[in-house]
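Report on the structure given below.
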Amino acid sequence: MIRIAICDKEKDMQSYLSALVSEQQVDCEIRGYSSSEEYLADNQKFDLLFLDIKLQNPGDGLELAREIRNRGCFRKPLIIFITAYKEYVYDAFDVDAFQFLLKPVDEERFAKVFGRAVKQILTGDRQPKQPLVIQFAGASKAVALDSIYYVESQGHKVVLHMEGERLEYYAKLGALEQELYGQFFRIHKGYLVNLSFVDGYSKSAVTLSNGEKLLISKYKYADFVKAYLEYVAREHQ
C-alpha cells in the first residue's frame with residue numbers, strides 16, 4: 001500500500017486530488033492536511049506528498065518541503081507540488097521536488113505524473129531525476145526534465161517549450177542533445193524532443209501529447225523510432 005498525503009488549505013482541492021488518486025486504481029491510504037503545522041504535528045511517514053506551494057502564505061509550501069528534506073529520517077516522500085503560482089516553479093526543484101502540476105489540474109497529465117511517482121516508489125527509487133540547470137535572467141534555474149515538451153534552436157539561443165510557457169536562453173542544441181541523451185532525441189536540426197511526451201509519429205512529423213506537431217528529418221527517422229521504442233521499453237519494465 002502506498003501512503004499519500006495531500007497538503008492544501010482548500011478542502012475542496014483535497015477532495016478533488018483524493019478522487020483523482022482513487023481513479024488510478026492503485027492501493028493507497030490518503031490523508032489530508034490544511035497547513036504545514038498540521039502536517040508536521042501528525043508526524044506520519046508518507047511515500048508521496050501532494051503539496052500546495054501557497055498554504056497560509058505564498059511560498060510556505062516550499063518551507064515545508066525544506067523542513068521535510070532536512071529531517072534525518074531515511075524515508076522521505078516524493079513531493080509533487082500543486083500550484084497556481086508559476087513563478088515558484090523553479091524554486092520547487094531546489095527542494096528536490098519530483099514534479100509540479102499547475103492549477104487547474106490537467107487530469108491526463110496528473111495520471112501520467114502519478115504513474116511515474118508510483119513506479120519510483122514501488123521500485124525503491126526515491127531520487128528525483130536530475131533537473132536541467134540553466135542560466136536565465138542572471139541566475140541559475142533548475143528545470144525539471146518532465147516539464148519540457150521539446151527544445152527548439154533559435155540562432156545562438158534555445159527555447160524550452162513547457163506547459164503554459166516558453167523559456168529562452170543562450171545555449172547550443174548540440175550540447176543539450178548530449179546532456180539529455182536517453183530521455184530526449186534530436187529529430188531535426190532545430191528540435192530536441194522529450195520522448196515521454198511523444199503521442200505518435202510518421203515519417204514526416206512527431207506529434208506530442210499537447211497536440212503540437214514537429215517536423216522530423218528523413219535522416220533521423222529510423223534512429224528516432226529505435227530510440228523511442230527503447231525508451232518506452234525502459235519505462236514499462
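What is the sum of charges, Lys and Arg at +1 and Asp and Glu at -1, for the other residues whose Cβ falls under 12 Å from the Cβ of PHE224? List each step's numbers first, then the result.
Details: positive: ARG186, LYS203, LYS218, LYS220, LYS226; negative: ASP223, GLU230.
Surrounding charge for PHE224 is +3.
Is the shape of the range 137-237 best called rounded, prolate or oblate, per the rule: a/c under 1.5 gives rounded, else a/b larger than b/c gives prolate, else oblate, with a ≥ b ≥ c the square roots of the Cα gyration tensor eigenvalues?
Working: a/c = 1.68, a/b = 1.45, b/c = 1.16.
Here the range 137-237 falls in the prolate category.
What percentage of all Cα-Cα pairs in the range 2-123 are separated by more than 21 Å?
Values: 2205 of 7381 pairs.
Counting pairs separated by more than 21 Å, the tail of P(r) holds 30 percent.
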Self-check item: Proximal aspartates and glutamates to LYS11, defined as alpha-carbon separation beneath 20 angstrom and excluding residues fewer than eight positions away on the same chain
Solution: GLU23, GLU29, GLU37, GLU38, ASP42, ASP52, ASP60, ASP106, GLU107
Quiz item: So what's the angle, to the nearest 10 degrees on a 0 to 90 scale, between helix 107-123 and the longest Cα principal axis of the chain?
Solution: 80
Practice problem: Evaluate the charge dipole of the range 2-123 about its Cα centre and quote only its size in Debye, nearest 20, assuming +1 on the Cβ of each Lys and Arg and -1 on the Cβ of each Asp and Glu. | Solution: 400
Self-check item: Proximal lysines to LYS172, defined as alpha-carbon separation beneath 25 angstrom and excluding residues fewer than eight positions away on the same chain
Solution: LYS129, LYS141, LYS157, LYS189, LYS213, LYS218, LYS220, LYS226
Quiz item: Given H placed on each backbone N at 1.01 Å, which residues far from CYS28 in sequence or on other chains put an amide H within less than 5 Å of it?
Solution: ILE2
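Taking only C-alpha pairs under 8 Å that are 6+ residues apart, what is the relative contact order of the chain in percent? Could the numbers behind the result be given before it?
On the way: 369 pairs, mean separation 24.7, N = 237.
The value is 10 percent.
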Self-check item: Charge dipole (the range 151-237, unit charges on Cβ, about Cα centre) - positive-most of LEU173, GLY211, GLN183
Solution: LEU173
Quiz item: For the range 141-235, what is the relative contact order in percent, using Cα pairs closer than 8 Å and at least 6 residues apart in sequence?
Solution: 20
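Under the 0.36 nm per residue contour assumption, what length would be gained going from the current alpha-carbon distance of GLU165 and GLU87 to full extension?
27.0 nm
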Quiz item: So what are the three principal axis dimensions of the range 182-237 from its Cα atoms, in whole Å, longest to shortest?
Solution: 30, 24, 17
Quiz item: Where a Cα-Cα gap under 16 Å defines reach, which aspartates and glutamates qualify for LYS119, not counting those fewer than 8 residues away within the same chain?
Solution: ASP27, ASP47, ASP146, GLU235
Quiz item: Ranking ILE53, ILE134 by Cβ neighbours within 10 Å, fewest first, what do you get?
Solution: ILE134, ILE53
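Here, each number is a calculation from the coordinates, and none is a lab measurement. The model shown is predicted, which means the values in this text are computed figures rather than measured ones. In this analysis, Cβ positions are derived from the backbone assuming ideal geometry, glycine residues included, and neighbour counts consider all displayed protein chains.
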